[in-house]
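To keep things clear, I will list the structure first and then write my remarks on it.
The values are calculated or read from the model by the stated rules, or taken from the named source; none is laboratory data. None of these values were measured; they are calculated from a predicted model. Don't worry about glycine lacking a Cβ; one is built from the backbone with ideal geometry, like all the others, and counts go over all protein chains shown.
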Amino acid sequence: MDDPLIGVVFGDRYRIERCLGAGGVGVVYEATHLGLGRSVAVKVLKDALDAREDTRLRFEREAQVLSRLSHPNIVPLSDYGVHDGVPYLVMERLRGLTAAQLVRDIGVPSVELALRILEGTLRALAYAHGRGVLHRDLKPGNVFLQALPDDPYHVRLLDFGLAKVVDGRLSDVGEAEVGSAPLTRSGFVLGTPAYMAPEQASGGQVDGRSDVYAAGVLLFELLTGRTPFVEKRRSDMLRAHMVREAPSLAQAAPGLSPSAALERLMAAALSKSPGARFQSAQEMLDAIQALPRPAAVAGSVSLVGPMESVSADAETAIALPAARRPMPTRARWALVVLAAVGLVVLLFSLVIWALNRAPEVARDSVVSAPDAGAEVSDAAPPARPDRLARFTTQVDTGKLLSASEQRELRAWQRAHPRSPAASLLLARDATHRGWHGAAIQRYAIVLRIDPGLRDQPAVLDGLIRAATSANVGERARGMVRDLYGAEALDDVRGLLTHTRGRAERGRLRALIRILRALPDAGS
């Protein structure tokens, strides 16, 4: 179904281009500022003409709050208005991904990166609390990781639609400015159940310590890939936060091996009693910064975080087996015979496997023209826009495209040569399959059409994964070096921690050495 707002110009300045996402109250669009010719984000009230009065007032309050919160870790508001009865906010168009997308699409970050994300989030909360504003809906989807040249994971706190102004401490903002009636009835529960503090889940009084609890849930999810409680029904989730003790990090993620200090920090943040928690966001921030680095995790080198904490020599030494006594001569000869027989069997199996896999191997080889033959031979009609959206969801969930779906996307690319959408989906599908040659060719097409898509996490992730390939790894490493430089280091190290093959790990370490040798790599 076509969106009636696409193409509409709000406030004689902002032309709506495409939908970026929707929440419970608002819909966010990418728009073009006609005067400046740059992209901005425009958030409009969902179903504005039929919206309840308290929903409209809450939307207006978000504008009032954001207009007076100026902090590097909070998304800035640049304009507010009403177009044909539809209220809208204008904000900076951020490039990057949310913390929710990071965990879902890329994987659990290193402990060091998770703590960095929490530090930025807590700085934003501490500033907002100091101005008398409670967020009340802190969750990974509202923590945006902005891709900046010097910081690929700069935190921006989003969505103050459920914010509450307390104690009249927000300068020039009071209840009367957005309606004298309170927007939240006593005993009425607002927020996202999986991240609610016990007092918020029960409809009681909330304060800054409620946001601290949500920050603890956020950190728990960044470290383990799940929330402390997993329940299907809203009522069960709320009850769990009110009465059940959260599991430890070690229980939730057995391979994590967290330090005792990190476990104590998590237990304090997730305490059922507000009085037993950190008493402010600043106090929790101070506790995180006091954690020994990289000793936040013990007994698991792969989860330490950035690899500069472990020297190359130390990492090599860890992989070496302990010295052993020489094996008796007779036993050595027996092993030689067995090895020779095994080698013959292995070579025969490899020949059969290679013959069966020949078409697939070709996809992981470098060719001069990206899929040139396939582009000419495809006779399928182009995918419809609704099919394109379905394919996007399919690829987002890791489900592979069928051959007919691939043909539809290639036909779409031919019909829309200026749109990178189909090539990006084909590239991501190729990455999922391990067809790294086809993937990097498609990523090259994507970046030729829209160089700005280098900021899409999937592009960098696909190129780094291709860097592990024996066939096209060198080319992929060159693309990562030329396109991203030292800013890709954290992502390469993150994949290294999840890579098990010795050869693949060696290629990733080679890429790390290449990037660290660049002038912008720092010390």
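Worth pointing out:
- Count - residues of the stretch 69-99 that are assigned to a strand (DSSP E or B) and closer than 19 Å to Arg13 by Cα: 14
- Any hit, the stretch 210-224, residues being more than 22 Å from Phe144 (Cβ to Cβ) and not charged (D, E, K, R): no
- Some residue of the stretch 19-29 being in a loop (DSSP other than H, G, I, E, B) and either modelled with pLDDT of 90 or more or touching a Cys at 6+ places or on another chain (Cβ under 6 Å) (or both): no
- Qualifying residue in the stretch 103-120 (condition: surrounded by fewer than 21 Cβ atoms within 10 Å (Cβ to Cβ), more than 14 Å from Leu157 (Cα to Cα) and over 17 Å from the mean Cα position of the chain (by Cα)): no
- Residue pairs meeting the criteria (Cβ under 9 Å; at least 6 apart or on separate chains; first closer than 23 Å to Gln279 by Cα, in the stretch 249-268; second aromatic (Phe, Trp, Tyr)): Leu249/Phe220; Leu265/Phe278; Met266/Phe220; Ala268/Phe278
- Boolean, Asp211 is in a helix (DSSP H, G or I), among the charged types (D, E, K, R), assigned by TED's automatic domain parsing to the domain that holds Gly275 and without any contact (Cβ under 8 Å) to a residue 60 or more places away in the chain: no
- Pairs meeting the criteria (first residue in the stretch 24-39 and among the charged types (D, E, K, R), second residue modelled with pLDDT under 90, beta carbons under 6 Å, at least 6 apart or on different chains) are Glu30/Leu20.
- Looking across the stretch 436-471, the residues that are touching a His at 6+ places or on another chain (Cβ under 9 Å), surrounded by 21 or more Cβ atoms within 10 Å (Cβ to Cβ) and not in a helix (DSSP H, G or I) come down to Ala467, Thr468, Ser469.
- Filter pass, Gly478 being of a type in the set (Gly, Ala, Ser), touching a helix residue (DSSP H, G or I) at 6+ places or on another chain (Cβ under 9 Å), assigned to a helix (DSSP H, G or I) and surrounded by fewer than 17 Cβ atoms within 10 Å (Cβ to Cβ): yes
- Residues in the stretch 231-283 that are small (Gly, Ala, Ser), on the phi < 0 side of the Ramachandran plot and not in a helix (DSSP H, G or I): Ala246, Ser248, Ala253, Gly255, Ser259, Ser271, Ser273, Ser280.
- Single match in Ser423, Ser402 (criterion: surrounded by 15 or more Cβ atoms within 10 Å (Cβ to Cβ) and modelled with pLDDT of 85 or more): Ser423
- Residue check, Arg56 outside any strand (DSSP E or B) and of a type outside the set (Phe, Trp, Tyr): yes
- Flag if Arg500 is out of contact with any Pro (no Cβ under 7 Å at 6 or more places or on another chain), at pLDDT below 90 and assigned by TED's automatic domain parsing to the domain that holds Ile440: yes
- Residue satisfying condition, being within 21 Å of Met196 (Cβ to Cβ), among the basic types (Lys, Arg) and in the same structural domain as Asp207 (by TED's automatic domain parsing), within set Arg131, Arg104: Arg104
- All positions within the stretch 34-50 that are part of a strand (DSSP E or B) and surrounded by fewer than 18 Cβ atoms within 10 Å (Cβ to Cβ): Arg38, Ser39
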